[in-house]
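J.: The structure follows.
The values are calculated or read from the model by the stated rules, or taken from the named source; none is laboratory data. In this text, all values refer to a predicted model and were calculated from it rather than measured experimentally. When we count neighbours, we look across all protein chains shown, and the Cβ atoms used for this are built from the backbone with ideal geometry, even at glycine. We work out accessible area using only protein heavy atoms, side chains counted, and drop any ligands, DNA or RNA first. Shrake-Rupley method; radii C 1.70, N 1.55, O 1.52, S 1.80 Å.
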Amino acid sequence: MSLKFKDLLGLEHLDKNDLQTILDSVKIFKGLFKKSNKTSTLRGKTVVTLFYEPSTRTRTSFEIAAKRLSADVVNIAVSGSSIIKGESLIDTGKTLEAMGADYIVIRHMLAGTPDMLARNLNISIINAGDGFHEHPTQGLLDLYTIYERKKRIEGLRVLLIGDILHSRVARSNIWALTKMGAEVLVLGPSTLIPASIEDLGVKVYHNLDEAIKKVDVLNILRVQFERQQENLFPSIREYISLYQLTKERLAMAKSGVLIMHPGPMNRGIEVTSEVVDAPNAAISEQIVNGVAVRMAVFCLLEHVV
Ligand code: CP
């Protein structure tokens, strides 16, 4: 099994077969990960992580995944690197390539940055989140978590709740889920819903009490206060009253509805602690699946060097 491309920049350009190949492979890697097994698949390979934005889950998960595959891992702290002296991203990438890096895992605040690096280097580039654009491994781990719990994707209704405007996770979820035959609904304050989102094949809802009754999966997104240049909703109190996922709202949902959140969470804002700890919440499982997804991605990308 392999994908016919060297980089993972987003899920927009993957087809259903590519996504199914990844899902099948994640199952195998999850089995290895759960047994604490290490494989020698990437022995002699070097993975460099280059994060221009903060991360707990994604960076650590990539590092653990690479180490489980026996790769060498180098984490670059942007604040202590020559990037601060004005070195261009492409020069940084070429320097890492010359030193023998086989993969660069990059998170950047500007959409398209991983793509620019991929076009200028021969090694594999993996997008760990670029601006508002995509977060493909998060989209894949969300897809796998739904597939594992619900045993299918086709025909499911998935509701993405909250700050869709600033969410690269929402975009990667939308690409993956619609290609696999799910129906995607998005819901949030109208100021946090992009104007042309319906062009991506999703339906827009504004009333959570109405939408929650219709769906099989609830994927709650974080309010990204740090990306908002202005107040995009009148008050946190109003956001909570209209969009917070509470125990009372959950009681209106279908039994067995799957609850997900990519993290980090604002407990008490987009979701209550009671909901996070509900039996049908898969938030911890998403973290486990994240390692397996990243192991699969490292192994499935085509190597040209
Ligand atoms: N879900 C996610 O991307 O989390 P981090 O920002 O901690 O990597």
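J.: Does the range 56-72 contain at least one residue that is at pLDDT below 95, away from the ligand (no atom under 15 Å from the Cβ) and of a type in the set (A, V, I, L, M)? Walk me through how you get there before you give the answer.
T.: Residues of the range 56-72 that are at pLDDT below 95, as a first pass: none.
Scanning the range 56-72, I find no residue that is at pLDDT below 95, away from the ligand (no atom under 15 Å from the Cβ) and of a type in the set (A, V, I, L, M), so the answer is no.
J.: Now for a different question. Tally the residues that are part of a loop (DSSP other than H, G, I, E, B) and either crowded, with 24+ Cβ neighbours inside 10 Å or aliphatic (A, V, I, L, M) (or both), restricting the search to the range 158-181. Before the answer, list the steps.
T.: Step one: filter the range 158-181 for residues part of a loop (DSSP other than H, G, I, E, B), giving 162-167, 180-181.
Still in the list and also either crowded, with 24+ Cβ neighbours inside 10 Å or aliphatic (A, V, I, L, M) (or both): 162-165, 167, 180.
Qualifying residue count, the range 158-181: 6.
J.: Just wondering, is there one or more residues in the range 276-284 that are charged (D, E, K, R) and within 16 Å of the ligand (Cβ to nearest atom)?
T.: The initial filter retains those residues of the range 276-284 that are charged (D, E, K, R), namely 277.
Within this subset, residues satisfying the condition of being within 16 Å of the ligand (Cβ to nearest atom) are none.
No: the range 276-284 contains no residue that is charged (D, E, K, R) and within 16 Å of the ligand (Cβ to nearest atom).
J.: For the range 230-253, which positions are of a type in the set (Val, Ile, Thr) and open to solvent by 40 Å² or more (accessible area, probe 1.4 Å)?
T.: Just the residues of the range 230-253 that are of a type in the set (Val, Ile, Thr), to begin with: 236, 240, 246.
Those that are of a type in the set (Val, Ile, Thr) and open to solvent by 40 Å² or more (accessible area, probe 1.4 Å): Ile236, Ile240.
J.: Hey, can you tell me all the residues within the range 254-280 that are crowded, with 20+ Cβ neighbours inside 10 Å and within 15 Å of Ile146 (Cβ to Cβ)? Lay out the reasoning, then the answer.
T.: Quick first cut of the range 254-280, residues crowded, with 20+ Cβ neighbours inside 10 Å only: 258-262, 270-271, 275.
Once the filter is applied, which keeps residues that are crowded, with 20+ Cβ neighbours inside 10 Å and within 15 Å of Ile146 (Cβ to Cβ), the range 254-280 yields Leu258, Ile259, Met260, His261, Pro262.
J.: Oh, and also: Taking Tyr103 as meeting all but one of (1) more than 16 Å from the ligand (Cβ to nearest atom); (2) open to solvent by 60 Å² or more (accessible area, probe 1.4 Å), write down the number of the exception.
T.: It fails just one condition, (2).
J.: Cβ contacts < 7 Å: first residue over 20 Å from Ile240 (Cβ atoms) and acidic (Asp, Glu), restricted to the range 206-221; second residue open to solvent by 70 Å² or more (accessible area, probe 1.4 Å) and assigned to a strand (DSSP E or B), any location; separation 6+ or different chain. Result?
T.: Asp216/Arg157
J.: Filter the range 125-157 down to the residues that are within 18 Å of the chain's Cα centre (by Cα), more than 16 Å from the ligand (Cβ to nearest atom) and in a strand (DSSP E or B) and list them by number.
T.: Scanning the range 125-157 gives a single hit, Ile125.
J.: Condition first: of a type in the set (S, T, N, Q) and within 12 Å of Phe51 (Cβ to Cβ). Now tell me which residues in the range 76-112 satisfy that. Working first, answer last.
T.: Restricting attention to the range 76-112, the residues satisfying the condition of being of a type in the set (S, T, N, Q) are 79, 81-82, 88, 92, 95.
Those that are of a type in the set (S, T, N, Q) and within 12 Å of Phe51 (Cβ to Cβ): Ser79, Ser81.
J.: Moving on. Please determine, by comparing only the residues of the range 182-207 that are in a helix (DSSP H, G or I) and open to solvent by less than 10 Å² (accessible area, probe 1.4 Å), which one is farthest from Glu270 (Cα to Cα).
T.: Within the range 182-207, the first condition is being in a helix (DSSP H, G or I), and the residues that meet it are 190-192, 197-200.
Filter once more, so that each one left must be open to solvent by less than 10 Å² (accessible area, probe 1.4 Å): 192, 197.
On the way: Leu192: 13, Ile197: 21 Å.
So the residue we want is Ile197.
J.: For the range 1-35, enumerate the residues that are modelled with pLDDT of 95 or more, open to solvent by 20 Å² or more (accessible area, probe 1.4 Å) and of a type in the set (A, V, I, L, M).
T.: Hits for the range 1-35 are Leu9, Ile28.
J.: Of the residues Leu117, Leu89, Leu110, which single one is open to solvent by less than 30 Å² (accessible area, probe 1.4 Å) and more than 16 Å from Leu8 (Cβ to Cβ)?
T.: Working: Leu117 fails: more than 16 Å from Leu8 (Cβ to Cβ); Leu110 fails: open to solvent by less than 30 Å² (accessible area, probe 1.4 Å).
None of the other options fit; the residue is Leu89.
J.: Looking at Val271, Val291, can you tell me which residue is in the same structural domain as Arg68 (by TED's automatic domain parsing) and touching a Ser or Thr at 6+ places or on another chain (Cβ under 9 Å)? Steps first, answer last, please.
T.: Working: Val271 fails: in the same structural domain as Arg68 (by TED's automatic domain parsing).
Only one candidate passes the filter, namely Val291.
J.: Being more than 16 Å from the ligand (Cβ to nearest atom) and not in a helix (DSSP H, G or I) is the requirement here; does Asn122 meet it? Let's see the steps before the verdict.
T.: On the way: more than 16 Å from the ligand (Cβ to nearest atom): yes; not in a helix (DSSP H, G or I): yes.
Yes, satisfied.
J.: With respect to Ser81, is the statement that it is within 16 Å of the ligand (Cβ to nearest atom) and either in contact (Cβ under 8 Å) with a residue 24 or more places away in the chain or not assigned by TED's automatic domain parsing to the domain that holds His261 (or both) true? I'd like the intermediate steps shown before the answer.
T.: Details: within 16 Å of the ligand (Cβ to nearest atom): no; either in contact (Cβ under 8 Å) with a residue 24 or more places away in the chain or not assigned by TED's automatic domain parsing to the domain that holds His261 (or both): yes.
Judged against the criteria, Ser81 is not a match.
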